[in-house]
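Student: This is the structure, below, for whatever I ask next.
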Amino acid sequence: NAGVTQTPKFQVLKTGQSMTLQCAQDMNHEYMSWYRQDPGMGLRLIHYSVGAGITDQGEVPNGYNVSRSTTEDFPLRLLSAAPSQTSVYFCASSYREGYYEQYFGPGTRLTVT
Amino acid sequence: TQLLEQSPQFLSIQEGENLTVYCNSSSVFSSLQWYRQEPGEGPVLLVTVVTGGEVKKLKRLTFQFGDARKDSSLHITAAQPGDTGLYLCAGATAGGTSYGKLTFGQGTILTVHP
């Protein structure tokens with residue numbers, strides 16, 4: 001099993017550009033989520049999904065969109081990149097929300113200039 | 001928004017020393033997890049504690065969940081260079097519309113020198 005995969009590994013964008021960060025899992029997990037990690041701030045939840053067709057906002061959703069058309073895939077879209085979105089982005093999946101183990105992808109390091 | 005305060009933020013110790021990392025909140029969590037993260041990788045789960053007062057041991061690591069389920073601690077005995085990494089606590093929201101969502105602490109960067 002590949003677990004949780006993320007692409008790309010690194011990305012540089014100019015202010016105003018849009019892009020999609022890809023996330024896929026092969027564990028048939030219902031719950032998937034996107035986090036951003038900034039120095040000294042731990043991981044902050046951007047958006048999450050409790051199943052195909054169901055998404056909701058996390059702590060820092062502004063500037064990001066998500067969709068969940070299949071159980072496996074949960075892409076994160078940056079609508080108009082801003083320097084404040086420079087961060088490392090992690091996708092995670094788990095059997096369900098709550099105390100179940102979160103399996104994290106390797107991350108995408110995004111720089112917006 | 002629930003907050004988890006993790007301390008200390010940085011810890012630099014010699015091999016063989018003991019250490020404790022704390023995770024505190026004013027909110028009640030239904031469960032609390034500890035993750036370890038190495039550079040360039042995603043966090044990996046170490047342990048989940050669910051019951052107030054629960055203590056779990058993982059080799060030289062001891063995890064405790066506070067009686068009121070508002071705080072937790074991670075104690076490492078006789079630290080080794082291989083313990084070096086970023087340690088993160090994460091609490092699952094106890095109820096309401098945010099049930100089950102994880103709130104992460106800021107993390108503790110541990111460096112163990114040989």
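Student: Sort A:THR7, A:THR55, A:THR86 so the one with the fewest other Cβ atoms within 10 Å of its own Cβ comes first.
Tutor: A:THR7, A:THR86, A:THR55
Student: Using Cα centres only, tell me the gap between the stretch A:24-81 and the stretch B:63-95 in whole Å.
Tutor: 25 Å
Student: Across the stretch B:55-72, in residue order, what do the Karplus-derived ³J(HN,Hα) couplings come to in whole Hz, using 6.51 cos²θ - 1.76 cosθ + 1.60 with θ = phi - 60° and x for Gly and Pro?
Tutor: 10, 10, 10, 10, 6, 8, 9, 10, 10, 9, 9, x, 4, 8, 6, 10, 8, 8
Student: What dipole magnitude, in Debye to the nearest 20, does chain A give about its Cα centre under +1 on Lys/Arg Cβ and -1 on Asp/Glu Cβ?
Tutor: Computed charge dipole of chain A: roughly 440 debye.
Student: If you don't mind, there's one more thing I want to ask. Just need the relative contact order of chain A here, percent rounded to a whole number, with Cα pairs under 8 Å and 6+ apart.
Tutor: 36 percent
Student: With +1 on each Lys and Arg Cβ and -1 on each Asp and Glu Cβ, and nothing else charged, work out how big the dipole of chain B is about its Cα centre, in Debye to the nearest 20.
Tutor: About 300 debye.
Student: Over all directions, how big on average is the projection of the convex hull of the alpha-carbon atoms in the protein assembly as shown, in square nanometres?
Tutor: Numbers: hull surface 48.6 nm².
Directional mean of the projected Cα hull area for the protein assembly as shown stands at 12.2 nm².
Bear in mind these aren't lab numbers, they're just calculated from the coordinates by the rules spelled out. A quick note: this is a predicted structure, and the numbers were derived from the prediction, not measured. All Cβ positions, glycine included, derive from the backbone under ideal geometry; neighbour counts span all protein chains shown.
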